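The values are calculated or read from the model by the stated rules, or taken from the named source; none is laboratory data. These numbers were taken from a predicted model, which means no experiment stands behind them. When we count neighbours, we look across all protein chains shown, and the Cβ atoms used for this are built from the backbone with ideal geometry, even at glycine.
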Amino acid sequence: MKEKKLHWDEVYRNKDIEEVSWYQPKSETSMEYILDLNLKKNAKIIDIGGGDSFLAENLLSKGYSHITVLDISEAAIERAKKRLGKKADQIEWIVADASNFSSSEKYDLWHDRATFHFLTKEDEIGNYVRTLDNSVKKGGHVVMGTFSEKGQEKCSGVKIKQYSLHDLGEVLPEGFEILECKNVDHITPSEAVQNFSFCSFKKS
């Protein structure tokens, strides 16, 4: 974990928010999926790898009141807190590696845009999926986005694992129903096109 943490801390300390490829001031696809779920405003939501993304503040602007952001990079979280100012106090922040994170909390929604695809080892993937399964309430939801088979092979110099819509739909264990899957193009600040696979699930 230490090596990964150092890498991402360096990325966030050396690049402005508008320079990172995942920059997205309006989390359009994620918010579309989340709003379609019709969650209660006090639903417990965790954003995995949320770092200094704008999803948390997009959710706050819609009235959601129980948001947790997890990221391996303390630098990313500190940057997000600075940008949010007093609003940062409305969010729970966790510095942890998504591949070995554990929690006693049960969430109504587990969201992950572009963290899961950084897990390339079977044990990391297995640990992540078990934690997700244990952390999502019955009747809860998962929204996940990864690079598609047409997407990037690396991000910020780190090798990733690509997922087709079929592959992503097969990731979660029995008991998770697929609600919707689609491919989405993300345009980076340098105007490169990155193709993502997005799926939403419900835990029965």
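Numbers for the structure displayed
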item	result
Among (1) free of Cβ contacts under 8 Å to residues at least 24 places away in the same chain; (2) within 21 Å of D47 (Cβ to Cβ); (3) of a type outside the set (F, W, Y) - the single one H117 does not satisfy	(1)
Residue match in the range 7-24 (condition: out of contact with any helix residue (DSSP H, G or I) (no Cβ under 8 Å at 6 or more places or on another chain), on the phi < 0 side of the Ramachandran plot and modelled with pLDDT of 95 or more)	no
Sole residue being hydroxyl-bearing (S, T, Y) and in contact with a strand residue (DSSP E or B) (Cβ under 9 Å, 6 or more places away or on another chain), chosen from S61, S99, S65, S103	S103
Failed item, numbered, when L70 is tested on (1) among the hydrophobic types (A, V, I, L, M, F, W, C); (2) crowded, with 22+ Cβ neighbours inside 10 Å; (3) touching a residue at least 40 places away in the same chain (Cβ under 8 Å)	(3)
Residues (outside any strand (DSSP E or B) and either among the small types (G, A, S) or farther than 13 Å from L165 by Cα (or both)) located in the range 127-151	N127, Y128, V129, R130, T131, L132, D133, N134, S135, S148, G151
Among (1) in a loop (DSSP other than H, G, I, E, B); (2) farther than 23 Å from N38 by Cβ; (3) of a type in the set (F, W, Y), the one test that Y64 misses	(2)
